[in-house]
Structure formats: C-alpha cells, structure tokens
1. Looking only at the stretch A:99-113, which residues are under 17 Å from residue A:36 (Cβ atoms) and away from chain B (no Cβ under 14 Å)?
2. Give the stretch A:51-75 a look and list any residue that's open to solvent by less than 30 Å² (accessible area, probe 1.4 Å) and over 27 Å from residue B:103 (Cβ atoms), or say none.
3. Please identify the pairs in which a residue from the stretch A:73-98 that is within 14 Å of another protein chain (Cβ to nearest Cβ) and farther than 20 Å from residue A:40 by Cα has its Cβ atom under 8 Å from the Cβ atom of a residue that is of a type in the set (A, V, I, L, M) and open to solvent by 30 Å² or more (accessible area, probe 1.4 Å), counting only partners at least 6 apart or on another chain.
4. Suppose the filter is at pLDDT 95 or above and open to solvent by less than 40 Å² (accessible area, probe 1.4 Å); does residue B:71 pass it?
5. Within the stretch B:1-43, track down each residue that is in a loop (DSSP other than H, G, I, E, B) and more than 18 Å from residue A:99 (Cα to Cα).
6. Any idea which residue in the stretch B:27-42 is nearest to the other protein chains (Cβ to nearest Cβ), counting only those that are within 13 Å of residue B:89 (Cβ to Cβ) and open to solvent by 10 Å² or more (accessible area, probe 1.4 Å)?
7. Residues of the stretch A:84-107 being open to solvent by less than 10 Å² (accessible area, probe 1.4 Å) and either among the hydroxyl-bearing types (Ser, Thr, Tyr) or farther than 10 Å from residue B:43 by Cβ (or both), which ones?
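The values are calculated or read from the model by the stated rules, or taken from the named source; none is laboratory data. Please read these numbers as outputs of a predicted model, since none were measured by experiment. Cβ placement follows ideal geometry from the backbone for every residue including glycine, while neighbour counts extend to all protein chains displayed. We work out accessible area using only protein heavy atoms, side chains counted, and drop any ligands, DNA or RNA first. Shrake-Rupley method; radii C 1.70, N 1.55, O 1.52, S 1.80 Å.
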Amino acid sequence: DTGVSQDPRHKITKRGQNVTFRCDPISEHNRLYWYRQTLGQGPEFLTYFQNEAQLEKSRLLSDRFSAERPKGSFSTLEIQRTEQGDSAMYLCASSVDRYTEAFFGQGTRLTVV
Amino acid sequence: EDQVTQSPEALRLQEGESSSLNCSYTVSGLRGLFWYRQDPGKGPEFLFTLYSAGEEKEKERLKATLTKKESFLHITAPKPEDSATYLCAVHRNQAGTALIFGKGTTLSVSS
C-alpha cells in the first residue's frame, strides 16, 4: 500500500493523559500536513512540514500540541494533558510540493473520556 | 479573511436526478481549488484540482468547473454509491500556506 498511513485508527483516552499519533506519508512527498476534523465540519488546518522543517502552525495548535517530522519521513503529533474538546478525527496528508493536491490518510479518531 | 463556503449543506437526490454543488471562495490570490470526497469515518479522497477560471475536469459522473469566484461540482445521473460528503478546498498564492477547507456538502442518493 503506497498511500498515507496513520496509526492508531482509534484511540480512547482519559482526560489528562498524553497521546501520540503517527503518520507515514507517501514516499518522496516533501509536504506533510496535520488537520483536525469534528462532526459536520471540514478539516481544520493544524500544522505542516516541508521535509523536516515545521513551517506553519495554526492558532488552533495550543501549547499542549506538538508535532515532529524527524529526518523528513514519518511524523508524530502529540497531545499533552488531553481535554474533552480534543475529541476529533486527526487527519494526516502529504503532497509532492506546495501547489499540488494533498492525499489523506484514514485518520485517527480520538475520544477523550 | 480567507473563506470557503459550500452550499447546500445537505442534498438529497433520487437516482438519476442530476444536480450541482457550489463552492464559493474569497481568498487573496487563488493558487488552486481542490475537490474531495469523504465517506463516513474515512479520510478525504482526492477528486480534482482546478487552477484557472474556465478550467473543467471530469471523472465518471462528476464534472468540476471553476470561475473567478466559485466552483461547481456537477453530478450527472447519480447513483447511490455517489452518496458521500463532498469537500472543497483552496490553496492561496502565498508562501507557506496550507489548504483551507469548506464545511462540505453531504449528498444522499436514493434508489
């Protein structure tokens, strides 16, 4: 499978716990994006990487959120001290460059109880 | 502020009943407009990219068009398997920007 891969697909956690999600982009895609989507809404931009450099972060990305893309390959998104409002689908996407279409993974569904 | 607005929010069609979905945008310098399909519980699936006004793209029963202010996704003779949420996204002509999405149109096609 050469698509974008996300792990885990589902995560249930207690409020206050830390969680980490992983994204493996399409091989040789330089751009990697993280989005968050809640029910009935379109994906909301969180952050993106050009190779290993994190170039933009949304105002939605509070201090509890951190993302990395070591060596410009896979990426991780960590949420510290989770809150119920963090419950959402977290989507990862990758693209060849800044102007071409982005391909999405299947997402990680986070439920904070 | 850059915005993407999709209408209607929901659309119910009978099988074979053609219709159009609208995506209007206000962005400072459009670099590209993208259409995606999303099934429940899954990530968006790429459909089309449009770069300039007047451009059209087709795929099976879907046809996307672009003007300077909006894009349409025309669905001809839809089938129940076309039921999904259709998302529109734009890319601004500005360094360091990501896709901005609309809220989507949820299409239901009944047989």
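1. The one that is under 17 Å from residue A:36 (Cβ atoms) and away from chain B (no Cβ under 14 Å): A:112.
2. Correct list: A:69, A:72.
3. Between residues of the stretch A:73-98 that are within 14 Å of another protein chain (Cβ to nearest Cβ) and farther than 20 Å from residue A:40 by Cα and residues that are of a type in the set (A, V, I, L, M) and open to solvent by 30 Å² or more (accessible area, probe 1.4 Å), the close pairs are A:94/A:26; A:98/B:95.
4. Numbers: at pLDDT 95 or above: yes; open to solvent by less than 40 Å² (accessible area, probe 1.4 Å): yes.
Here the answer is yes, as residue B:71 does meet what is asked.
5. Selection gives B:1, B:8, B:9, B:15, B:16, B:17, B:18, B:39, B:40, B:41, B:42, B:43.
6. Residues of the stretch B:27-42 that are within 13 Å of residue B:89 (Cβ to Cβ), as a first pass: B:27, B:30-38.
Okay, now just the ones that are also open to solvent by 10 Å² or more (accessible area, probe 1.4 Å), so B:27, B:30-31, B:37-38.
Working: B:27: 14, B:30: 11, B:31: 6, B:37: 11, B:38: 9 Å.
Per the stated criteria, the residue is B:31.
7. Hits for the stretch A:84-107 are A:86, A:88, A:90, A:94, A:95, A:102.
For every residue, the table says whether it meets (1) of a type in the set (A, V, I, L, M); (2) open to solvent by 10 Å² or more (accessible area, probe 1.4 Å); (3) in contact with a Phe, Trp or Tyr (Cβ under 6 Å, 6 or more places away or on another chain).
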residue	(1), (2), (3)
A:3	no, yes, no
A:9	no, yes, no
A:15	no, yes, no
A:21	no, no, yes
A:49	no, no, no
